[in-house]
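Worksheet: the structure to be examined is printed underneath.
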Amino acid sequence: MRASTYPLVEVDEAAALVLEHTPVLGVERVALAHCIGRVLAEDLVSPTALPAFPSSAVDGYAVRSADAGKPLRIAGESAAGRPFDGTVQPGTAARILTGGVVPDGADCVVMVEEVQLAGDVVTTPKPLRPGTNFHAPGADLRAGELVMAAGAQLGAAELGLAAALGFPRLPVRRRPRVALLSTGDELVEVGQKPGKGQIVDSNRWALLAALREAGTEVHSLGIGPDEPQALRKLVVDALREVEVLVTSGGVSVGTHDHIKPLLESLGTVHIGRVKLKPGKPFTFATLPLDGGKKRYAFGLPGFPVSSLVTFEVFVRPALRKMQGFAAFQRPTLPVRLAYDARASADRTEYQRVTLHREGRELVASTTGSQSSSRLMSLAGAHALVRIPPGDQGISAGSIVDAVILSLP
Ligand code: AMP
Ligand code: MG
């Protein structure tokens, strides 16, 4: 064992430092079908008005409001996609169907239920208000109006809007490609029966899910041994293909922990220890490449909860920043503690809680033992509550801020 020489950095300072080093990735133009969940890279301005023409909202008759109450001769029909070419002259009406163009001359539409029909003569009620029962051009969007700002995530409504405005492709931010490596001589693949002293590599599956949820493209490197040369080769080969490296295990100060020295030999380690529980040995490095480019390496601790909590606190915001998300942090909400939260003496603790509603409040219950090996403390958790270091703790009934993972 050797004592760590890395300074112990405050959580917020470490998170800010990671973000400072994280670039926003470039832009690619992507077909709408593949844009779901992606982040718009440029402000989208409407090239046209929506609707582009006065469009009937109902089935009925397009008339001049000045003709209210008079018998009107039906001069033609305007159906969706099949407009009436003529003009509605005084004393006439045009039959119109939902989505049909309101013809020239008409200034309102009367619903079919409100008229009296005799052969090809229609009589409307009195009075009629101009502008009723149709969508005026530009009522939904004016030409030149801002539709969505850069940084917006593209979901169903956003993609529908883009299509309505005539964009078959959109400029979106590239997604980070991430190489994911589990390290440890004790690890075996899931499905294999662990021998004496062996455990199943669960971190890779947990981190794969977390990385995908964060919007990245994951290249799995499998399990690496606690052997410097082999690790070096795995990492160096992978860095040609990706922007980001995420490893788990091997970041402590044991004689079999090789990730920190490896990252130091390849680049600059900016963070090697954080005042965070769980996750003290979290490591962050930038690795220069030929041509001035950089790669970003996150060495996560091996304990399963430590790896996922450090992912939440440091890695996920960075990956979302890279994708251009305007909102790259999880939301935080005030919650009422239903338990006495003991504090760690010297580290900020992210305790895992479930939430339930009591009236208008969210109430947080502990998920039980907060051991860094106990994934059961995170499975089903709705939030992480931040307990500052000290000998005080926070007593039940207090209001604290919680990082929301999901709402009950
Ligand atoms: P390390 O950070 O390498 O010292 O690992 C600390 C502990 O985390 C190990 O003793 C294992 O119990 C556990 N661990 C490390 N890597 C993994 C993994 N990939 N999956 C599950 N548990 C792991
Ligand atoms: Mg290890």
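The values are calculated or read from the model by the stated rules, or taken from the named source; none is laboratory data. As the structure is a prediction and not an experimental result, all values here were calculated from the model. Cβ sites come from the backbone with ideal geometry, for glycine too, and all protein chains shown count toward neighbours. These area figures cover heavy atoms from the full protein model, side chains too; ligands, DNA and RNA do not enter into them. Shrake-Rupley method; radii C 1.70, N 1.55, O 1.52, S 1.80 Å.
Output the 0 to 90 degree angle, nearest 10, between the alpha-carbon long axis of helix 228-239 and the longest principal axis computed from the alpha carbons of the chain.
Between helix and principal axis, roughly 20 degrees.
Using the Cβ atoms and a cut-off under 13 Å, what net charge is assigned to the surroundings of VAL63, where Lys and Arg are +1 and Asp and Glu are -1?
Spelling it out: positives minus negatives among the neighbours equals +2.
Can you pull the percent of the range 280-393's accessible area that's carbon plus sulfur, 1.4 Å probe, other chains left in place?
Ligands and nucleic acids excluded, carbon and sulfur give 52 percent.
Nearest 5 percent is fine: what portion of the DSSP beta bridges confined to the chain is antiparallel?
Bridges in the chain that DSSP calls antiparallel: roughly 65 percent.
In whole percent, and with a 1.4 Å probe on the protein chains, what portion of the accessible area of the range 119-231 is carbon and sulfur?
For the range 119-231, the apolar C and S fraction of the accessible surface comes to 54 percent.
Can you give me the accessible area per residue for the chain, using a 1.4 Å probe, in Å²?
Heavy-atom accessible area per residue stands at 48 Å².
Ignoring ligands, DNA and RNA, what percent of the accessible area of the range 26-81 is carbon or sulfur (1.4 Å)?
Its accessible area is 55 percent carbon and sulfur atoms.
Among ALA62, ALA285, ALA343, which one shows the highest mean-square fluctuation when the chain is modelled as a Gaussian network with alpha-carbon springs under 10 Å?
Looking only at ALA62, ALA285, ALA343, the biggest GNM fluctuation is shown by ALA62.
Tell me the angle of helix 203-213 to the major Cα principal axis of the chain, expressed in degrees between 0 and 90 and rounded to the nearest ten.
That works out to roughly 30 degrees.
Residues with beta-carbon under 13 Å from that of PHE311, excluding PHE311: net charge, scoring Lys, Arg +1 and Asp, Glu -1?
Neighbour charge sum, excluding PHE311 itself: +3.
Anything over 22 Å Cα to Cα? Flag those among LYS294/LYS321; LYS196/LYS277; LYS260/LYS280; LYS293/LYS321; LYS196/LYS233; LYS233/LYS280, in the order listed.
Flagged as over cut-off: LYS196/LYS277; LYS196/LYS233; LYS233/LYS280.
Residues with beta-carbon under 13 Å from that of LEU50, excluding LEU50: net charge, scoring Lys, Arg +1 and Asp, Glu -1?
After counting each charged neighbour, the total is -1.
Go through the range 136-180 and name the trypsin sites (Lys or Arg not before Pro) that are in a DSSP coil and have 15 or fewer other Cβ atoms within 10 Å of their Cβ.
Hits after loop and neighbour filter: ARG142.
Note the angle between two axes, namely the Cα long axis of helix 11-21 and the longest principal axis of the Cα atoms of the chain, as a number of degrees from 0 to 90, rounded to the nearest 10.
Computed tilt is about 70 degrees.
Which of LEU234, VAL363, ALA206 sits closest to the plus end of the dipole of the chain, meaning its Cα is farthest towards the positive end, when Lys and Arg get +1 and Asp and Glu get -1 on the C-beta?
Result: LEU234.
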